[in-house]
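Asker: The structure is given below, and queries will be raised subsequently.
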Amino acid sequence: MTGLYVLVHGAWHTGAEMEAVAGHLRGKGHVVLCPTIAGNNAGDDRNAIGLEQSIASIVDYIESKDLREVRLVGHSYGGMIISGVADRLTGRIKRLIYVNAFVPLNGQCLNDMVPPHYIGLFDAVAAGNNGAVMLPFEIWRESFINDADIELAKSSFAKLNPHPYKTFTDKIYLNRPLAELPVGKSYVNCRQDTALPHGLPWHPRLSERLGLFRLVECDGSHEMFFSNPVELADAINRAGRD
Amino acid sequence: MTGLYVLVHGAWHTGAEMEAVAGHLRGKGHVVLCPTIAGNNAGDDRNAIGLEQSIASIVDYIESKDLREVRLVGHSYGGMIISGVADRLTGRIKRLIYVNAFVPLNGQCLNDMVPPHYIGLFDAVAAGNNGAVMLPFEIWRESFINDADIELAKSSFAKLNPHPYKTFTDKIYLNRPLAELPVGKSYVNCRQDTALPHGLPWHPRLSERLGLFRLVECDGSHEMFFSNPVELADAINRAGRD
Amino acid sequence: MTGLYVLVHGAWHTGAEMEAVAGHLRGKGHVVLCPTIAGNNAGDDRNAIGLEQSIASIVDYIESKDLREVRLVGHSYGGMIISGVADRLTGRIKRLIYVNAFVPLNGQCLNDMVPPHYIGLFDAVAAGNNGAVMLPFEIWRESFINDADIELAKSSFAKLNPHPYKTFTDKIYLNRPLAELPVGKSYVNCRQDTALPHGLPWHPRLSERLGLFRLVECDGSHEMFFSNPVELADAINRAGRD
């Protein structure tokens, strides 16, 4: 069974960084699209764009292309986006697939789900950087892409873009809990993902908010879109099939 | 080293569904038997049969065949059965092998180890179904056999039989804690098993009741007897060897 | 990138038992040394040697060979040793790599990190054995080397040496928390390691004391140096690279 996948990237990324995984999914016969969220495009004003505008950019993308039966995949921060999109466009979504992604409750912002030391770091960086946050390379290398060699750690870091911090602090509005949305739900857990600390893990802390969901796991870091796109595409395929 | 294995199935299953794994274990040189527990045979009265009768049916099976040095494997609900059998027939058992199976304390019933939402579901289904419980397909597909494609999810579901609910609510009697039985103990943990929620996991919550035990893990769902019999047979073999 | 590795063994072992992993690391181009800690050599007085002397023996080893840019690997009890060595010789260490190893706080002894039933066992054995502790074979086979067949379980057990118990009860002195040492830190977690019980796990309980660290995981028991040196060498290589 082949289908339509929309891959929604995480913070500091664009759709371009999803293309390696997208290619492997296309190799399985699927149609795969990789939009860039408002706020992460080259010319976007990092200081002005907030969460609602970012969600709206993907809502518009799906509506303008009249996409239906969408398997909507969100990575990391992309979980905030697909949660909002599915809330607005429920009838167009076949299944939500979270890839170590945030699963918000109504009224939560992304920062409500991360540890205090990240918030302190982000606050300081954004204050000195016109509202945009970046990750220090050392955290990227050891905690985000711990399964890569140093060359890939550096080359992938060089592709990241400054992220609009307002999208981390704006609260999401959801009409109903995600568990109640009449769409399929899957959670892909990359098992060596240490981007969140073990006391505040992606799974099961956030995945269980989905109610009845399908768990798929694979070995790899938070950044398997770079470090192991073959395995990640396979996991997403198993998460997305009927 | 080859040995004698008796595989005891879970709720809704019969010995027939253990045959794929049994075949791979036989391929390693073992003798493997797959009895069906009283209550799960085609003509059994689902409203009449309770836990003690179910345990007794496997006790009788082992005694009537005069089996000795048995590696006794229980899957899921089958953990209740092998616990009772080992308590009655300790001298005939070489090792107990729990495959994401219930490990009861004396005086506990299966329902004492599952989350409240299952009990509510089971109560309602059994009340309207003459004492027999079934699983909704959606739970089967997403939580029990999350590692299968839709065809296998459907074909395996079609093989399930209504389960006598009394076996979930009858308390087990054990002469002594399982940890004190002078037999080997192993626990096979299938890592993507979400049949129980993460707050009430199979392992280590139930496995640690075995005292000194051997842990073996493999990747797969609660229903690897269907979805990956080769890997499960390999795991059981490693769990069962001296 | 190739480098210099020093592998520091665990309790009951010597450097000789690290050689299989060392060989596979050498095959990747690294220089690998496997000293034996004071207290575990054939003629050492098990009743006299304590933690500080054991640490000093590896400090002396590194200084006498004038080793620099060391990737210092510690297994199990070896975590106590490398923690002390890195505290004394920080400038010679490039990265600390803990392989299901103890990560102490200042003033802690190894026994402060193990469950009470081990302490009771060790106390009793050491009292009757002139200050040396040994493991019962049954615990070795089921909890330490659960991924081996019985032949390997026995042959590896035969290589173990009585361990000086004072090294488990002496408190370590650290000039500053390990998280603050300006060296890389990695933790290799062997996932079926049940040498410590699940309520007091190696990871994340002890790994998170390292602050920012790189997590690497592999499938295997506490004794992969015996049961799967190829996979463990690969994991250490990924943990140790830049």
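The values are calculated or read from the model by the stated rules, or taken from the named source; none is laboratory data. It should be emphasised that the depicted structure is a prediction, and the values quoted were computed from it without experimental measurement. With ideal geometry, Cβ positions are generated from the backbone for all residues, glycine too; neighbour counts draw on all protein chains shown. With ligands, DNA and RNA removed, areas are computed over all heavy atoms of the protein, side chains included. Shrake-Rupley method; radii C 1.70, N 1.55, O 1.52, S 1.80 Å.
Asker: A drop of at least 50 square angstrom in accessible area, chain alone versus all protein chains together, probe 1.4 Å. Which residues of the range C:181-204 meet that?
Answerer: For the range C:181-204, once contacts with the other chains are taken into account, C:Arg191, C:Gln192, C:His198 lose 50 Å² or more.
Asker: Between B:Ile55, B:Ile150, B:Ile172, find the one with the highest GNM mean-square fluctuation for chain B; connect C-alpha pairs within less than 10 Å.
Answerer: Comparing B:Ile55, B:Ile150, B:Ile172 in the GNM, the peak value goes to B:Ile150.
Asker: How big, on average over all directions, is the shadow cast by the Cα convex hull of the protein assembly as shown, in nm²?
Answerer: Value for the protein assembly as shown: 32.3 nm².
Asker: How big is D, in µm² s⁻¹, for the range A:1-82 by Stokes-Einstein at 25 °C and 0.890 mPa s if Rh is the Kirkwood radius over C-alpha pairs?
Answerer: Numbers: Rh = 13.0 Å.
Answer from the Stokes-Einstein relation: 189 µm²/s.
Asker: Can you list, shortest first and in nm, the gaps between the label point of A:Asp112 and those of its counterparts in the other copies, using a point 7 Å from Cα in the C-beta direction?
Answerer: Its label point is 3.9, 3.9 nm from the equivalent points in the other copies.
Asker: Averaging over every viewing direction, what projected area does the convex hull of the Cα atoms of the range B:1-142 cover, in nm²?
Answerer: Here the figure is 9.3 nm², rounded to one decimal.
Asker: Another question, if that's okay. Only Lys, Arg, Asp and Glu count, each charged at its Cβ (+1, +1, -1, -1), so figure out the dipole size of chain C about its Cα centre, rounded to 20 debye.
Answerer: Working: 23 positive and 27 negative charges, 146 e Å.
Here the size comes out at about 700 debye.
Asker: Using a 10 Å cut-off on Cβ to Cβ distances, tally the other chain neighbours for every residue of C:206-218 and report the average as a whole number.
Answerer: Mean partner shielding for this stretch: 4.
Asker: What percent does the relative contact order of chain C come to when contacts are Cα pairs within less than 8 Å and at least six residues apart?
Answerer: It comes to 24 percent, rounded to a whole number.
Asker: To continue, here is another question. Compute the Cα gyration tensor for the range C:151-242, then decide on rounded, prolate or oblate, letting a ≥ b ≥ c be the square roots of its eigenvalues: rounded whenever a/c is under 1.5, prolate when a/b is larger than b/c in the other cases, and oblate in all that remain. Provide the component values of the computation, followed by the final result.
Answerer: Numbers: a/c = 1.87, a/b = 1.24, b/c = 1.51.
Taking the square roots of the gyration eigenvalues as a ≥ b ≥ c, the range C:151-242 is oblate.
Asker: Still on this structure, I have one more. Using the Cα gyration tensor of the range A:169-223, with a ≥ b ≥ c the square roots of its eigenvalues, what is the shape: rounded (a/c below 1.5), prolate (a/b larger than b/c) or oblate (neither)?
Answerer: Oblate, since a/c reaches 1.5 and b/c is not below a/b.
Asker: With labels modelled as points extended 7 Å from the Cα through the Cβ direction, what inter-label distance (nm, one decimal) is found for C:Asp112 paired with B:Glu138?
Answerer: Those two pseudo-labels are separated by 5.2 nm.
Asker: Okay, next question. Using a 1.4 Å probe on the protein heavy atoms, what percent of the accessible area of the range A:4-240 belongs to carbon and sulfur? List each step's numbers first, then the result.
Answerer: On the way: 4180 of 8000 Å².
Accessible surface attributable to carbon and sulfur in the range A:4-240 totals 52 percent.
Asker: Taking +1 at the Cβ of each Lys and Arg and -1 at the Cβ of each Asp and Glu, which of A:Ile37, A:Met80, A:Ile97 sits farthest along the dipole of the range A:24-148 towards its positive end, judged by Cα position relative to the Cα centre?
Answerer: After comparing all options, I get A:Ile97.
Asker: Grab the DSSP H runs of chain C that are 4 residues or longer, score each as -39,500 (n - 2.57), total them, divide by all residues and round the 222 nm result to the nearest 500 deg cm²/dmol.
Answerer: Taking each H run of at least 4 residues, the total per residue is -8500 deg cm²/dmol.
Asker: Hey, rough spin-label estimate for C:Arg205 and A:Val31, points 7 angstrom out along Cα→Cβ, what's it come to in nanometres?
Answerer: If labels sit at C:Arg205 and A:Val31, their model points lie 5.3 nm apart.
Asker: Specify, per residue and in Å³, the volume enclosed by the convex hull of the alpha carbon atoms belonging to the range C:75-136.
Answerer: Expressed per residue, the convex hull around the Cα atoms of the range C:75-136 is 105 Å³.
Asker: Here is a further query. For the pairs B:Lys185/C:Lys154; A:Lys154/A:Lys185; C:Lys154/C:Lys185; C:Lys28/C:Lys65; B:Lys65/B:Lys166; C:Lys28/C:Lys171, note any where the Cα-Cα span goes beyond 26 Å.
Answerer: With Cα atoms farther than 26 Å apart: A:Lys154/A:Lys185; C:Lys154/C:Lys185; B:Lys65/B:Lys166; C:Lys28/C:Lys171.
Asker: Related question: Taking a ≥ b ≥ c as the square roots of the eigenvalues of the Cα gyration tensor of the range A:104-186, is the shape rounded (a/c under 1.5), prolate (a/b larger than b/c) or oblate?
Answerer: Since a/c reaches 1.5 but b/c is at least a/b, the shape of the range A:104-186 is classed as oblate.
Asker: Say a label goes 7 Å from Cα toward Cβ at A:Arg68 in every copy; what distances in nm does this one have to the rest, shortest first?
Answerer: Label-point separations across copies, in nm and ascending: 7.0, 7.0.
Asker: Report, to one decimal in Å, the Kirkwood hydrodynamic radius for chain C based on all distinct Cα pairs.
Answerer: 17.6 Å
Asker: Okay, moving on. Lys and Arg at +1, Asp and Glu at -1: add these up for the other residues within a Cβ distance under 14 Å of B:Ala22 and post the number.
Answerer: 0
Asker: Assign unit charges at the C-beta atoms only (+1 for Lys and Arg, -1 for Asp and Glu), then state the dipole size of the protein assembly as shown relative to its Cα centre in Debye, rounded to the nearest 20.
Answerer: 60 debye
Asker: Could you give the accessible area per residue of chain B, probe 1.4 Å, as a whole number in Å²?
Answerer: Accessible area per residue: 35 Å².
Asker: Here is a further query. How big is the C/B interface in buried accessible area, both sides summed, 1.4 Å probe, to the nearest 100 Å²?
Answerer: 1200 Å²
Asker: Would you mind putting B:232-242, C:4-14 in packing order, based on average other-beta-carbon counts within 10 Å, highest first?
Answerer: C:4-14, B:232-242
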